[in-house]
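Comments concern the structure below.
The values are calculated or read from the model by the stated rules, or taken from the named source; none is laboratory data. Here the structure is a predicted model, which means the values were calculated and not measured.
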Amino acid sequence: MFDYYPPKEEEKEPVDYSGLIIGLTLAPVFLLVTYLRDADTALSVFVVLGMTLFAVKLRWYLRKRVWFWAIIVLILALHAPLVLFFHWPHGNVPMRFYVMPIGIVDFFIIIVAVDTADRIFSKDFSLTTINWR
């Protein structure tokens with residue numbers, strides 16, 4: 001009466017555990033910074049390093065380029081004074097409400113910096129490829 005066709009076996013992509021790996025990698029860093037300073041600074045370090053590692057994961061195809069790692073090291077070097085010397089205000093507002101938006105903006109800044117460097121250091125770069133308008 002009813003023809004039933006079993007669904008075809010589709011190839012499943014392997015599960016991407018990169019978020020879990022980033023979190024597990026940063027957990028000891030969070031605990032160390034909490035022990036050495038305080039939890040607010042540790043959360044800032046966690047967000048900054050997490051966003052940087054996520055940006056590296058998204059641009060992993062550039063890993064064989066020296067300029068890519070130079071940009072990442074430069075970005076982390078610029079973040080170090082901000083995290084260590086900028087004190088977050090202590091108050092009634094939970095810190096995650098203003099650290100996470102800053103982390104998201106930081107992620108987009110890192111991606112734009114890497115993409116700009118990719119365009120500059122690519123072999124077919126010329127001044128005519130830039131849209132000057």
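Which of the residues belonging to segment 1-54 are assigned to a helix (DSSP H, G or I) and charged (D, E, K, R)? Listed by number, the list holds a single entry, Asp40. Inside segment 57-95, residues that are modelled with pLDDT of 80 or more and not β-branched (Val, Ile, Thr) make up a count of 21.
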